[in-house]
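Take a look at the structure set out below.
The values are calculated or read from the model by the stated rules, or taken from the named source; none is laboratory data. Small disclaimer: the values here were computed from a predicted structure and weren't measured. All Cβ positions, even for glycine, are placed from backbone atoms using ideal geometry, and neighbour counts span all protein chains on display.
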Amino acid sequence: MGVPGKTMGCIFTPIPVEVTCYEAERIGVDHIQLGKHHQQRSVSLASDLQQVRACCGRMHDMLLTVTHYIDDVLAGKVPTENTTGRFLLELVNRVPKLDAEAFEEMLNSNLKDLLMVLYLTNLTKAQLMLHEKLTLL
């Protein structure tokens, strides 16, 4: 961009960009975006337990945000929005009604299954490595 017979100039115009993905692809997209914060621009894969921990942390942060919003609405700091209230009501109604003991039992059972799979995976890797060492001798 410029004026005839004068010096040339440039104008930077920011373009809004939105990354969209399916829910199944979100883990991969989030993992790729972690590389932008590292100096070497590479990230190693996280273990299953680290992924569960990260997802629980994100869920905790989202629940805190919703709780703060509801507290602000009840205190009169934020005006009420019918669409947000309906969305929250629909969200609460989708949660299955379980007592705390049944939920804890279900969570512990799934966690035990995950730990057993990890243990068996590591045991299989160790057995394969031992087999390779013994057959090469």
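Okay, here's what the table says:
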| quantity | calculated |
| --- | --- |
| Residue ID - modelled with the lowest pLDDT, chosen from residues in the range 1-36 that are of a type in the set (Val, Ile, Thr) and within 16 Å of residue 54 (Cα to Cα) | 27 |
| So residue 64, is it under 25 Å from the mean Cα position of the chain (by Cα), outside any helix (DSSP H, G or I) and without any contact (Cβ under 8 Å) to a residue 24 or more places away in the chain | no |
| Check on residue 71, modelled with pLDDT of 85 or more, acidic (Asp, Glu) and closer than 25 Å to residue 24 by Cβ | no |
| Residue within the range 23-39 that is β-branched (Val, Ile, Thr) and under 24 Å from residue 107 (Cα atoms) present | yes |
| Candidates 118, 114, 88 - the one that is farther than 27 Å from residue 50 by Cα, surrounded by 11 or more Cβ atoms within 10 Å (Cβ to Cβ) and under 22 Å from the mean Cα position of the chain (by Cα) | 88 |
| Count of residues meeting criterion [in a helix (DSSP H, G or I) and surrounded by 10 or more Cβ atoms within 10 Å (Cβ to Cβ)] in the range 91-108 | 8 |
| Failed item in (1) part of a loop (DSSP other than H, G, I, E, B); (2) within 29 Å of residue 46 (Cβ to Cβ); (3) more than 27 Å from the chain's Cα centre (by Cα), with residue 123 passing the rest | (1) |
| Test: residue in the range 69-82 that is farther than 21 Å from residue 51 by Cβ, touching a Pro at 6+ places or on another chain (Cβ under 9 Å) and assigned to a helix (DSSP H, G or I) | yes |
